[in-house]
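The values are calculated or read from the model by the stated rules, or taken from the named source; none is laboratory data. Computed from a prediction, not measured in an experiment: that's the story for all the values here. Counting neighbours? That spans all protein chains shown, and the Cβs are built from the backbone with ideal geometry, glycine included.
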Amino acid sequence: MRVNRLSVILTATAIVGCTSAVATNFRPPLEAKLSPGAKTGAPIPLRIDPNAKVVIATVPNLPPAPYSDAQAARGERVYDATCATCHQSEKFIGPQFAADWNDRRVGDFYQLIRSSMPVDNPGGLKDQEYLDIVAYLLKANHAPAGADSVSADTTFMRQHKIAVRP
């Protein structure tokens, strides 16, 4: 296989750009904690890199992500049935969620929960259920509802932010 100079230059530029990103506003993303009544399944062996960091940049100049009340209501049902068994609501509803996720792309949060939750079956929910959970958490954190719903469209996800208040 022949490698041309342009692909080498582009790859090197991407690597340098990614490694030089400033992580001054690093916040831990989810921090799941089991609630006292959590039902757990069989242990899953996980490989954890203690040095790994998730860097999610703030984007204050984007418009807030809209959601519909119907979508948020569906999300509340899914959250209560799936997420609340492990996650205490204080982490996702209130000042902690606002501090961790305000002014960040809605797509970053969606991708994080879609790729890592539920712990025993990451990605095991339907895409619409993940979107509904995001809508519910926006509503629960006092984001204004809109005419549109949270959408899995990549452009939508990149061009809207989480705008909540505690």
Check: Are any residues in region 69-95 buried (at least 17 other Cβ atoms within 10 Å of the Cβ) and in contact with a helix residue (DSSP H, G or I) (Cβ under 7 Å, 6 or more places away or on another chain), and if so, which ones?
Finding: 71, 72, 74, 75, 76, 78, 79, 83, 92, 93
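So that you can scan it fast, the table gives a plain yes or no per residue for (1) of a type in the set (D, E, K, R); (2) crowded, with 17+ Cβ neighbours inside 10 Å; (3) in contact with a Phe, Trp or Tyr (Cβ under 8 Å, 6 or more places away or on another chain):
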{"site": "97", "(1), (2), (3)": "no, yes, no"}
{"site": "103", "(1), (2), (3)": "yes, yes, no"}
{"site": "130", "(1), (2), (3)": "no, yes, yes"}
{"site": "133", "(1), (2), (3)": "no, yes, yes"}
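Mind listing whichever residues of region 57-76 are in a helix (DSSP H, G or I) and touching a strand residue (DSSP E or B) at 6+ places or on another chain (Cβ under 6 Å)?
Restricting attention to region 57-76, the residues satisfying the condition of being in a helix (DSSP H, G or I) are 69-76.
Within region 57-76, no residue meets the criteria.
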Item checked: Among residues of region 112-166, those that are at pLDDT below 90, out of contact with any strand residue (DSSP E or B) (no Cβ under 9 Å at 6 or more places or on another chain), of a type in the set (A, V, I, L, M, F, W, C) and not in a loop (DSSP other than H, G, I, E, B), counted -> 1
